[in-house]
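What follows is calculated from the coordinates using simple rules that are stated; it is not laboratory data. None of the values given here were measured: they were computed from a predicted structure. Cβ placement follows ideal geometry from the backbone for every residue including glycine, while neighbour counts extend to all protein chains displayed.
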Amino acid sequence: MTEDVYEPLALYRDRFKAEHADNTAAFFEKLVERSGVDGDANAATMTEIRALDAQLAAADSSRSNWKALRVLFFTIVVVGFVGLVLFVLPFLSQDIELPIHVDGLWAAVCAAVAAGGIALIAAKLNPTIRLLDERLRSLTANRQEKIAEAQAQLAPLNRLYDWGMIAKLIQQTVPRLALDPYFSRARLDELQRYFGWDDSFNRDRSVLFAQSGEINGNPFVLAETLDFRMGTKTYRGSITITWQESESYTDSEGRTRTRLVTRTETLTASVDKPAPEYSREKFLIYGNEAAPDLTFSRTPSSLSNAGDGFFSRWRMRRTVAKLEAFSRNLDDEYGYTIMSNRQFAALFQAIDRNDEVQFRLLFTPLAQQQMLNLLRDKTVGFGDNFTFVKDHMINLVRPAHLETTNITADPSLFHNYDLAAARKFFNTYSNAYFRALYFALAPVLTIPLYQQHRSHADIYASVTGKTASFWEHEAIANFHGQHVFEHDESITENLLKTRSVRTDAGYTEVAVTASGFRGENRVDYVSKFGGDGRWHKVPVKWIEYISVRRTSKMLIRETDGLTLQDYEEQSPTSPDWQAFFRKCQIEPQHASFRRSIVSFVSPS
């Protein structure tokens with residue numbers, strides 16, 4: 001029987017963290033064994049590469065020193081020539097006044113210094129620098145050869161990395177978490193039909209990545225989006241004005257006189273104009289039918305990180321007193337009643353909740369204590385760094401730690417030519433990914449009822465569906481890159497939105513619309529009053545952003561559990577794949593494989 005996760009913080013600390021580290025390490029060693037990579041040979045090659053790196057650094061440092069010495073002697077030569085010129089010029093013209101007089105002895109010294117400097121540069125410095133340049137070229141060439149050798153040694157391992165590796169490792173560690181190979185249309189339909197998910201959330205967003213899955217039949221999506229909003233940008237301009245005015249002064253004889261003086265002033269102006277703004281956001285969406293009418297929101301509390309000192313206790317008492325007063329107010333629209341666990345009430349708050357009965361149904365004493373443990377943790381997880389919004393059967397969690405986490409698990413991340421470095425990075429990434437995902441889910445895992453309540457959609461589901469959702473389509477389009485789809489005149493980032501045009505036997509045609517902005521240079525003239533007593537027009541240059549769009553065609557084909565290695569081996573020779581490529585009029589090398597989905601962009 002699959003074990004529920006009722007105490008997420010303690011379970012991660014005492015069990016899951018070590019188990020996942022062990023599972024990850026064992027998985028990597030199996031990959032190495034399967035690849036047939038000779039670790040000793042690669043270690044020897046890396047030793048040679050590091051030795052070459054040391055020699056390159058030493059040769060480069062030596063060359064820099066010799067070049068610095070050449071600059072010094074070149075400066076000495078220039079000084080010598082200047083001395084000679086100063087000696088010769090008076091003989092050429094008697095009218096020339098020189099700041100320094102150079103006699104014959106100093107002229108001889110300058111000549112000797114210049115000649116000696118030139119001889120030293122030509123005989124010693126330049127040949128030495130040329131030799132060092134040649135040595136650097138030779139060492140660089142040798143290093144590139146050794147790197148190519150190391151890349152060839154690890155090529156069999158690099159080919160084994162696949163899109164689903166990290167997800168499978170997480171599921172191995174926590175069987176209660178089931179992660180999908182990609183975000184299917186069936187999973188999205190489940191969120192919409194049974195949990196009330198509204199696609200208006202995706203307006204002005206483009207999905208960069210989405211990892212869907214379920215916890216005991218209740219769906220979730222970990223996603224990253226590119227968000228757009230039309231904001232404002234401040235442009236500034238300036239002009240400098242001059243004028244003359246009379247000024248009184250007292251001369252040396254004590255008489256008052258007037259004179260004209262020139263005044264200057266810099267006039268500045270600014271204008272605010274509409275400008276597109278883009279940001280990236282990572283969040284978790286979780287659907288559960290428990291407490292279906294309940295809505296609330298909470299944001300991180302500074303009290304969670306407070307210590308046990310006098311001022312921290314005073315702030316806690318003050319917050320609790322305010323909540324108690326708010327709870328006694330029967331005239332407001334909330335009907336808020338403070339929980340008996342005052343610490344939970346102060347840290348979690350959620351004072352905008354609309355149903356006290358359902359709130360207490362979710363946050364039992366056990367759930368309150370587990371949430372408190374999560375909020376006050378400072379070492380195991382990430383502490384109180386998340387926003388939590390419940391909108392009926394949809395839960396939206398925005399943890400701050402996801403902002404610095406790469407959640408794609410792209411196989412290319414793990415490619416390396418150094419086996420030791422590859423091993424270290426793979427283990428570090430897998431463990432960090434698991435921690436980030438686990439503690440993104442932790443706020444909902446603290447609620448026992450959520451895991452005890454299995455959705456009707458899951459209980460009675462017979463077909464999970466293999467067709468990718470439009471979320472996955474957008475993620476695939478962004479994987480190809482905005483530059484592939486953007487309008488030629490676009491100067492901003494582009495929001496990629498997709499629409500399924502038709503589904504043929506074996507593939508889906510998707511229309512990808514890239515929305516961006518072209519820029520037109522404009523100038524506004526702003527009146528400013530100057531110190532000369534006049535109004536002046538200050539030009540302020542700004543850019544008018546005008547919307548541009550371009551729609552392209554992308555074809556995708558879902559594969560049933562095909563690995564990246566299998567695709568790379570089968571696609572060049574398989575009759576099925578060759579027929580598919582001929583039908584779509586595409587060369588195999590132009591197609592991309594991502595998360596069991598093959599895709600390519602049709603030529604415009």
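Multiplying the sequence separation of residue 111 and residue 589 by 0.36 nm and subtracting their Cα-Cα distance, what value in nm do you get?
Net length gain for the segment: 165.3 nm.
Multiply the residue separation of residue 250 and residue 355 by 0.36 nm, subtract the distance between their alpha-carbon atoms, and state the gained length in nm to one decimal. It would help to have the intermediate numbers written out before the result.
Values: separation 105, 0.36 × 105 = 37.80 nm, distance 8.47 nm.
The residue 250-residue 355 span can extend by a further 29.3 nm.
Per residue, how much space in cubic angstrom lies within the convex hull of the C-alpha atoms of the chain? Please report the intermediate quantities before stating the final value.
Working: hull volume 213.2 nm³, N = 604.
Residue-normalised Cα hull volume stands at 353 Å³.
Compute the relative contact order of the chain as a whole-number percentage, counting only Cα pairs closer than 8 Å that sit 6 or more residues apart in sequence.
Values: 973 pairs, mean separation 101.8, N = 604.
The normalised contact order for the chain reaches 17 percent.
Near residue 146, which aspartates and glutamates are there with a Cα under 17 Å away, not counting those fewer than 8 places off in the same chain?
Within reach: 38, 40, 48, 53, 418.
Based on a Kirkwood Rh over C-alpha pairs, give the Stokes-Einstein translational diffusion coefficient of region 393-516 at 20 °C and viscosity 1.002 mPa s in µm²/s. Working shown, then result.
Working: Rh = 18.7 Å.
Translational D for this selection: 114 µm²/s.
For residue 541, which lysines qualify as cross-link partners when the Cα separation must be under 26 Å and same-chain residues fewer than eight apart are set aside?
Leaving aside lysines fewer than 8 places away in the same chain, those within reach of residue 541 are 233, 273, 528.
How about residue 30: which lysines have a C-alpha closer than 22 Å to its C-alpha, ignoring those fewer than 8 places off in the same chain?
17, 168, 424
Could you check the simple spin-label distance between residue 391 and residue 134, using points 7 Å along Cα→Cβ, in nm with one decimal?
Result for the modelled spin labels: 7.2 nm.
Grab the other residues whose beta carbon is less than 10 angstrom from that of residue 541, score K and R as +1, D and E as -1, and report the net.
On the way: positive: 236, 522; negative: 524.
Surrounding charge for residue 541 is +1.
Given a Förster distance of 35 Å, report the FRET efficiency between residue 242 and residue 521 from their Cβ-Cβ distance, rounded to the nearest 0.05.
Working: r = 28 Å, r/R0 = 0.79.
That pair, residue 242 with residue 521, gives E of 0.80.
Could you calculate the FRET efficiency of residue 582 with residue 549 from 1/(1 + (r/R0)^6), where r is the beta carbon distance between them and R0 is 30 Å, rounded to 0.05? Could the numbers behind the result be given before it?
Details: r = 32 Å, r/R0 = 1.05.
Calculated transfer efficiency: 0.40.
Summing +1 for each Lys or Arg and -1 for each Asp or Glu, what net charge is found among the other residues whose Cβ lies under 9 Å from the Cβ of residue 597?
With Lys, Arg at +1 and Asp, Glu at -1, the net is +1.
Counting other C-beta atoms within 10 Å, and keeping those with at most 16, which DSSP coil trypsin sites (Lys or Arg not before Pro) do you find in region 229-282? Display every interim value, and only then the final one.
On the way: sites: 229, 233, 236, 255, 257, 259, 263, 280, 282; in loops: 255.
Passing both the DSSP loop test and the Cβ count: 255.
Roughly how many nanometres apart are two label points built 7 Å out from the Cα toward the Cβ at residue 313 and residue 326?
Output for this residue pair reads 2.4 nm.
Starting from the Cα of residue 410, step 7 Å along the direction of its Cβ; do the same at residue 511; then give the gap between the two resulting points in nm.
A separation of 2.9 nm, rounded to one decimal place.
Can you compute the FRET efficiency between residue 302 and residue 427 using 1/(1 + (r/R0)^6), with r the Cβ-Cβ distance and R0 = 41 Å? Round to the nearest 0.05. Write down the numbers at each step before the final one.
Values: r = 35 Å, r/R0 = 0.85.
Once the sixth-power term is evaluated, E becomes 0.75.
In percent, what relative contact order does region 452-604 have, based on Cα pairs under 8 Å that are 6 or more apart in sequence?
On the way: 235 pairs, mean separation 29.7, N = 153.
Answer for region 452-604 is 19 percent.
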